[in-house]
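The values are calculated or read from the model by the stated rules, or taken from the named source; none is laboratory data. Remember, it's a predicted structure, so these values are computed and weren't measured experimentally. Note that we place each Cβ from the backbone using ideal geometry, even for glycine, and neighbour counts take in every protein chain shown. Only protein heavy atoms, including side chains, enter the accessible area calculation; ligands, DNA and RNA are left aside. Shrake-Rupley method; radii C 1.70, N 1.55, O 1.52, S 1.80 Å.
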Amino acid sequence: MKTISHSIEINAPAAEVWKVLTDLAAYSDWNPFIREASGDVTVGQRLTLRMFPADGKPMTFRPRVLAADPGVELRWIGHFVLPGIFDGEHRFTLTTTATGGTELLQAEKFSGLLVPFTAKTISATRQNFAALNQALKTRAESLSQPNPAPAPTATDQPR
């Protein structure tokens with residue numbers, strides 16, 4: 001078994017981070033790693049995720065959702081070919097920080113017969129997690145910021 005993880009602090013409430021994370025249809029707008037995603041983020045349902053690793057070929061997985069606790073945790077499990085060959089249990093954990101932001105932890109636990117032969121691929125995946133986390137941070141923070149008041153125009157000026 002092998003586990004990798006990456007965490008990041010996001011200056012947005014967990015509810016906002018959750019909205020971005022679970023809006024699968026919008027992944028193509030911001031997500032550099034999982035560029036295509038669809039499905040119902042509900043326990044027991046299958047998702048369709050097309051991943052584009054930085055140093056590899058695109059891959060499509062159909063993991064089953066194991067946990068979907070809004071603002072807290074999204075977790076799924078995927079299998080390569082059959083369970084026990086190469087399995088990945090992926091999770092996003094959201095924790096509210098003292099400042100009202102969100103600590104996002106993305107992790108994956110790999111298990112199965114092929115794990116000892118995939119160390120390089122697993123190690124490279126951590127870089128993809130970092131890119132996804134940074135893009136999620138940017139997206140959530142931009143959506144969570146209040147819209148500034150428009151600058152006054154010439155017609156708004158007192159005479």
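What order do Thr42, Thr96, Thr125 take when sorted by accessible area (1.4 Å probe), most exposed first?
Solvent-accessible surface, decreasing: Thr96, Thr42, Thr125.
Find how much the distance from Leu113 to Leu82 grows on full extension, using 0.36 nm per residue of separation minus their present alpha carbon separation; answer in nm with one decimal.
10.1 nm
Based on alpha-carbon atoms only, what is the radius of gyration of the chain relative to the globular estimate 2.2 N^0.38 Å?
Ratio of Rg to 2.2 N^0.38 Å for the chain: 1.22.
When the helix-only estimate is applied to the chain (DSSP H runs of n ≥ 4, each -39,500 (n - 2.57), divided by the residue count), what is the mean residue ellipticity at 222 nm, nearest 500 deg cm²/dmol?
Per the formula, -8000 deg cm²/dmol.
Quick one: net charge around Thr138, please, counting Lys, Arg +1 and Asp, Glu -1 for every other residue with C-beta under 14 Å from its C-beta. Write out the running numbers ahead of the final one.
On the way: positive: Lys137, Arg139; negative: Glu9, Glu16, Asp29, Glu141.
Taking every other residue near Thr138 into account, the sum is -2.
If the only charges are +1 at each Lys and Arg Cβ and -1 at each Asp and Glu Cβ, what is the size of the charge dipole of segment 13-156 around the Cα centre, to the nearest 20 debye? Spell out each step's value before the answer.
Details: 14 positive and 14 negative charges, 113 e Å.
For segment 13-156, the charge dipole is close to 540 debye.
Could you give the length gained on full extension between Ser38 and Glu103, defined as 0.36 nm per residue of separation minus the Cα-Cα distance, in nm? Kindly include the intermediate steps, with their values, before the conclusion.
Details: separation 65, 0.36 × 65 = 23.40 nm, distance 2.49 nm.
Length gained between Ser38 and Glu103: 20.9 nm.
Using the charge dipole of the chain (Lys, Arg: +1 at Cβ; Asp, Glu: -1 at Cβ; taken about the Cα centre), state which of Ile85, Tyr27, Leu66 has its Cα farthest towards the positive end.
Toward the positive end, the furthest listed residue is Ile85.
May I ask you to give the solvent-accessible area per residue for segment 1-114, in square angstrom, as obtained with a 1.4 angstrom probe? Spell out each step's value before the answer.
Details: 5800 Å² over 114 residues.
Accessible area per residue, segment 1-114: 51 Å².
All other residues with a Cβ under 13 Å from the Cβ of Ser111 taken together, and with Lys, Arg as +1 and Asp, Glu as -1, what is their net charge?
Values: positive: Lys2, Lys109; negative: Asp87, Glu89, Glu108.
Net local charge, Ser111 excluded: -1.
What are the ³J(HN,Hα) values, in whole Hz, obtained from phi via the Karplus relation 6.51 cos²θ - 1.76 cosθ + 1.60 with θ = phi - 60°, for each residue of segment 45-55 in sequence order, with x given for Gly and Pro?
7, 9, 9, 10, 10, 10, 9, 10, x, 4, 10
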